[in-house]
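Worksheet for the structure shown next.
The values are calculated or read from the model by the stated rules, or taken from the named source; none is laboratory data. Please read all numbers here as calculations on a predicted model, not as lab measurements. So basically every Cβ, Gly included, is an ideal-geometry build from the backbone, and we count neighbours across all protein chains shown.
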Amino acid sequence: MKIKYELIKNYKKARLGKLKTNYGTFDTPMFMPVGTLANVKTLTPEELYDMHSAVILANTYHLWLRPGEDIVDKAGGLHKFMNYNGPILTDSGGFQVFSLAKKKDISEEGVVFKSHIDGKKLFLTPELSIQIQNKLDSDIAMSFDECIPYPASYEYAKASTERTIRWAKRGKDVHSNNNQSLFGIVQGGEYQDLREYSAKETVKLNFDGYSIGGTSVGEDKVTMYNMIDYAIKYLPIDKPRYLMGVGEPIDLLEGVERGVDMFDCVLPTRLARHGNAFTRNGRINLKNLKYKEDFTPIEDNCDCYTCKNYTKAYIRHLITCDEMLGGRLLSIHNIRFLIKEMEEIRESIKNDNFDKYKEEFIRQYKNSD
RNA sequence: GCGCAAUUGGUGAAGGGGUUAACACGGCGGAUUGUGGUUCCGUUAUGCAAGGGUUCGAAUCCCUUAUUGCGCC
């Protein structure tokens with residue numbers, strides 16, 4: 001079956017909902033950790049369940065190159081391949097074309113670009129992206145889009161946005177996995193009328209959910225929040241809304257306030273590997289000398305495995321020595337931090353005090369040390 | 001005891017009279033938003049074994065001392 005979204009409650013524009021999938025039912029708004037190469041870097045599925053993580057995000061482009069969608073198919077699909085019994089969303093590869101192809105040639109048909117592994121010439125089309133995702137057998141597939149750089153001229157953004165809509169239709173036409181839902185992606189750059197146009201045209205194609213893409217590509221916060229506002233009012237209330245690639249603690253609050261249901265971001269795991277941890281008082285860098293003899297947990301009242309068992313001084317030691325356990329322990333903490341934040345956000349919506357929760361969270365987060 | 005050579009930061013070192021002592025590693029700090037796990041950026045010797053001298057100018061030349069290495073009695 002496809003996913004089903006049920007809107008439970010509104011608090012102004014913020015939404016409380018339930019997302020029913022073949023791998024369980026989950027509350028929204030939610031945060032989804034990124035597992036590009038069929039794993040959330042350094043973590044096991046059991047560890048993800050323990051921190052109440054639900055959906056994870058894997059990547060079409062990366063799995064297409066290695067190991068190849070046929071291998072995953074032979075394994076019995078992505079869930080069996082990676083031993084994950086929660087819902088999986090696959091990104092389409094559109095963002096990778098934007099982020100890691102130095103030379104790319106975008107045409108109506110698709111994108112020609114070079115493999116980041118061996119430089120081999122690749123050609124990815126909307127149809128191919130969907131076909132690969134069908135084989136990967138994720139629960140949610142994403143349309144193949146072009147992520148517009150920032151800044152971009154109006155003419156470029158308009159042409160690209162219109163093409164992304166044609167690509168969305170082409171992908172939908174070949175989509176053939178009845179156990180997989182398909183989301184459309186709103187683009188439009190920073191332009192209000194293009195965001196509106198993109199949202200309306202994408203909705204006409206009748207997807208199972210809608211994403212807001214093309215954010216967090218170098219624009220300032222105000223511009224990013226505007227990008228959400230411009231588009232989200234044209235999205236149907238009975239379908240999930242997913243803000244792609246956004247995951248700073250404050251951005252989650254800003255997104256929820258505007259009506260976003262789902263977020264994903266590499267930040268908690270990437271920051272972890274570089275020694276950074278989220279705390280209620282802002283981000284800290286465990287590499288800092290001041291933690292050398294700090295034998296307290298990252299956060300005293302955090303319920304994660306890391307905080308219940310390890311000290312800052314020990315994690316600093318691991319990170320300093322480039323030991324993988326350091327990145328693992330910090331990944332556990334950082335993901336749990338965002339998931340816990342979402343739990344509290346949902347609770348605050350339920351209790352009609354989201355505004356107050358948001359204000360208090362931001363006040364504390366920015367008042368670091 | 002005599003002769004020869006060496007001594008530059010936390011480390012490996014470049015520079016053999018011209019001004020701010022190269023580069024690398026390490027250290028310290030920052031960045032990171034649909035992940036190219038090894039990335040990027042900033043900073044880090046007011047000082048060249050110590051002292052004295054020559055010179056407009058010395059890590060670079062000279063002298064003394066110390067330490068280290070090699071060779072010879």
> Residues in the stretch A:27-67 that are more than 14 Å from RNA strand B (Cβ to nearest atom), closer than 21 Å to A:Asp251 by Cα and either touching a Pro at 6+ places or on another chain (Cβ under 8 Å) or not in a loop (DSSP other than H, G, I, E, B) (or both): how many?
Replying inline: 4
> A:Arg328 is checked against (1) of a type outside the set (Ser, Thr, Tyr); (2) within 14 Å of RNA strand B (Cβ to nearest atom); (3) buried (at least 23 other Cβ atoms within 10 Å of the Cβ) and fails just one. What number does that condition carry?
Replying inline: (3)
> Is there a residue being at negative phi, in a strand (DSSP E or B) and surrounded by 22 or more Cβ atoms within 10 Å (Cβ to Cβ) anywhere in the stretch A:68-89?
Replying inline: yes
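Yes or no: the stretch A:267-287 includes at least one residue that is in contact with a Ser or Thr (Cβ under 6 Å, 6 or more places away or on another chain), assigned to a loop (DSSP other than H, G, I, E, B) and more than 12 Å from RNA strand B (Cβ to nearest atom). Walk me through it before giving the result.
Going residue by residue through the stretch A:267-287, those that are in contact with a Ser or Thr (Cβ under 6 Å, 6 or more places away or on another chain) are A:269, A:272, A:281-282.
Cutting the leftovers down to assigned to a loop (DSSP other than H, G, I, E, B) gives us A:281-282.
Filter once more, so that each one left must be more than 12 Å from RNA strand B (Cβ to nearest atom): A:281.
Yes, the stretch A:267-287 has at least one match.
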> Would you call A:Thr44 among the β-branched types (Val, Ile, Thr) and either closer than 23 Å to A:Ala231 by Cβ or touching a strand residue (DSSP E or B) at 6+ places or on another chain (Cβ under 9 Å) (or both)?
Replying inline: no
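A quick yes/no check of all residues on (1) within 14 Å of RNA strand B (Cβ to nearest atom); (2) among the aliphatic types (A, V, I, L, M); (3) free of Cβ contacts under 8 Å to residues at least 24 places away in the same chain; (4) within 19 Å of A:Tyr150 (Cα to Cα):
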site: A:Lys204; (1), (2), (3), (4): no, no, yes, no
site: A:Phe207; (1), (2), (3), (4): yes, no, no, no
site: A:Gly218; (1), (2), (3), (4): yes, no, no, yes
site: A:Tyr234; (1), (2), (3), (4): no, no, no, no
site: A:Val246; (1), (2), (3), (4): yes, yes, no, yes
site: A:Ile250; (1), (2), (3), (4): yes, yes, no, no
> When you go through A:Glu196, A:Glu190 one by one, which is the residue that is crowded, with 18+ Cβ neighbours inside 10 Å and either assigned to a helix (DSSP H, G or I) or more than 9 Å from RNA strand B (Cβ to nearest atom) (or both)?
Replying inline: A:Glu190
>> Restricting to the stretch A:329-369, and then to whatever is touching a helix residue (DSSP H, G or I) at 6+ places or on another chain (Cβ under 6 Å) and among the small types (Gly, Ala, Ser), can you tell me which residue is farthest from A:Cys265 (Cα to Cα)?
In response: A:Ser348
> In the stretch A:9-25, is there at least one residue being over 21 Å from A:Gly255 (Cα atoms), crowded, with 21+ Cβ neighbours inside 10 Å and either in the same structural domain as A:Asp91 (by TED's automatic domain parsing) or not β-branched (Val, Ile, Thr) (or both)?
Replying inline: yes
>> Please go through the stretch A:1-54 and give me each residue that is within 19 Å of A:Asp303 (Cβ to Cβ) and basic (Lys, Arg), ordered by number.
In response: none
> Among the residues of the stretch A:161-177, is any assigned to a loop (DSSP other than H, G, I, E, B), of a type in the set (S, T, N, Q) and buried (at least 16 other Cβ atoms within 10 Å of the Cβ)?
Replying inline: yes
>> Condition first: in a loop (DSSP other than H, G, I, E, B) and more than 16 Å from A:Met224 (Cβ to Cβ). Now tell me which residues in the stretch A:178-187 satisfy that.
In response: A:Asn178, A:Asn179, A:Gln180
> Is it the case that the stretch A:109-130 has a residue that's touching a strand residue (DSSP E or B) at 6+ places or on another chain (Cβ under 7 Å), free of Cβ contacts under 8 Å to residues at least 60 places away in the same chain and assigned to a helix (DSSP H, G or I)?
Replying inline: yes
> For the stretch A:303-322, which residues satisfy the criterion of being more than 20 Å from A:Ser53 (Cβ to Cβ) and over 26 Å from the mean Cα position of the chain (by Cα)?
Replying inline: A:Thr311, A:Lys312, A:Ala313, A:Tyr314, A:Ile315, A:Arg316, A:His317, A:Leu318, A:Thr320, A:Cys321, A:Asp322
>> Here are the criteria: (1) of a type outside the set (A, V, I, L, M, F, W, C); (2) more than 23 Å from A:Glu359 (Cβ to Cβ); (3) assigned by TED's automatic domain parsing to the domain that holds A:Ser92. Tell me which single one A:Gly255 does not satisfy.
In response: (2)
> Between residues in the stretch A:315-336 that are of a type in the set (A, V, I, L, M) and residues that are in a loop (DSSP other than H, G, I, E, B), which pairs lie under 6 Å by C-beta distance while being six or more apart or on different chains?
Replying inline: A:Ile315/A:Leu286; A:Ile319/A:Gly275; A:Ile319/A:Leu286; A:Ile319/A:Lys287; A:Leu329/A:Tyr310; A:Ile332/A:Cys304; A:Ile335/A:Met51
